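Written below as structure tokens is the structure these notes are about.
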Amino acid sequence: MSNPLLETGPHDPRQKKLGGGLKFALEFGPLLIFFVAIMRSDMLVRLVPALGGLGKPIFIATALFIVATAISLVVTYAMTRTIPLMPLISGVIVLVFGGLSIWFQNDTFIKMKPTIVYSLFAVLLLGGLAFGRSLIGYVFDSAFQLDAEGWRKLTIRWGLFFLALAALNEVVWRTFSTDVWVKFKVFGFLPLIFIFGLLQTPLVMRHALPERAEEKGDQP
């Protein structure tokens, strides 16, 4: 039974799964590289003088972000033989907006990237729900099973939350300096997403299907 090239669903038995730690590293590693690169751009230019031709630190960091994102997708495919849908969408947006930022030497494009990604996730979630499909599993590769009402509520919550993050990104990059935006991108958005996810635990527990609940209860 061959693996599909593109992720078909979070519970497709044909798809190999990555361990939690490795999955986290591959998805958020490029963001960490972006942050380190923009904070240590002078050192990077000394080590690799060619990077200086890219311009300001944010453009050096953006170039490395693009490369790291591409490597992450390649490694994921090499290990699972499947390309995850949401990281692929995010990677394409990174390539397009990051490339435009470097080409035009205008950091507005890369600053707008989170707005586009979060807005697109919101449209996919809420739009899919309007057509009777809950796509939340594609975003988080969910390890749990919920009833229809649980999926509906969780999808609505995350869809609205992503819209709020998109609006917040617009406020931050348009109001504050690039340094503030970069730090908030790493130390603001990630904690907000983590905390919001934890706050959904009661809903997940209330709507967990009996079969899944029993399986968990049988575990030591």
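The values are calculated or read from the model by the stated rules, or taken from the named source; none is laboratory data. Being a predicted model, the structure only gives us computed values, none of them experimental. Every residue, glycine as well, gets a Cβ built from its backbone with ideal geometry; the counts of neighbours run over all protein chains shown.
Which of the residues spanning the range 158-181 are of a type in the set (Ser, Thr, Tyr) and either in contact (Cβ under 8 Å) with a residue 12 or more places away in the chain or within 20 Å of LEU125 (Cβ to Cβ) (or both)?
So the first thing to find is which residues in the range 158-181 are of a type in the set (Ser, Thr, Tyr), and the list is 175, 177-178.
Correct list: THR178 only.
Pull up the range 103-114, narrow it to residues that are over 12 Å from the mean Cα position of the chain (by Cα) and part of a helix (DSSP H, G or I), then point me to the one that is nearest to LEU54 (Cα to Cα).
TRP103
Is there a residue being of a type in the set (Gly, Ala, Ser) and part of a loop (DSSP other than H, G, I, E, B) anywhere in the range 76-84?
No.
Within the group THR115, THR201, THR175, which residue is in contact with an Asp or Glu (Cβ under 6 Å, 6 or more places away or on another chain), at pLDDT 90 or above and either farther than 30 Å from PHE35 by Cα or not charged (D, E, K, R) (or both)?
The conditions single out THR115.
Taking only the range 176-188 into account, find how many residues are surrounded by fewer than 16 Cβ atoms within 10 Å (Cβ to Cβ) and either hydrophobic (A, V, I, L, M, F, W, C) or closer than 26 Å to LEU199 by Cβ (or both).
3
Under the condition of being farther than 16 Å from PHE28 by Cα and free of Cβ contacts under 8 Å to residues at least 12 places away in the same chain, which residue from the range 78-100 is surrounded by the fewest Cβ atoms within 10 Å (Cβ to Cβ)?
ALA78
Could you count how many residues in the range 182-213 are touching a residue at least 40 places away in the same chain (Cβ under 8 Å) and over 17 Å from the mean Cα position of the chain (by Cα)?
The number of residues fulfilling the criteria is 9.
Please determine, by comparing only the residues of the range 49-63 that are surrounded by fewer than 21 Cβ atoms within 10 Å (Cβ to Cβ) and not basic (Lys, Arg), which one is nearest to the chain's Cα centre (by Cα).
Only one residue tops the list, namely ALA63.
Within the range 81-95, which residues are among the hydroxyl-bearing types (Ser, Thr, Tyr) and under 17 Å from THR115 (Cβ atoms)?
SER90
Looking at (1) surrounded by 21 or more Cβ atoms within 10 Å (Cβ to Cβ); (2) in contact (Cβ under 8 Å) with a residue 24 or more places away in the chain; (3) under 14 Å from LYS185 (Cβ atoms), which one does LYS113 not meet, given that it meets all the others?
(2)
Yes/no matrix, rows are residues, columns are (1) part of a loop (DSSP other than H, G, I, E, B); (2) more than 24 Å from ALA70 (Cα to Cα); (3) within 12 Å of the chain's Cα centre (by Cα):
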position	(1), (2), (3)
SER90	no, no, yes
SER101	no, no, no
LEU120	no, no, yes
GLY127	no, yes, no
GLU149	no, yes, no
ASN169	no, no, no
TRP173	no, yes, no
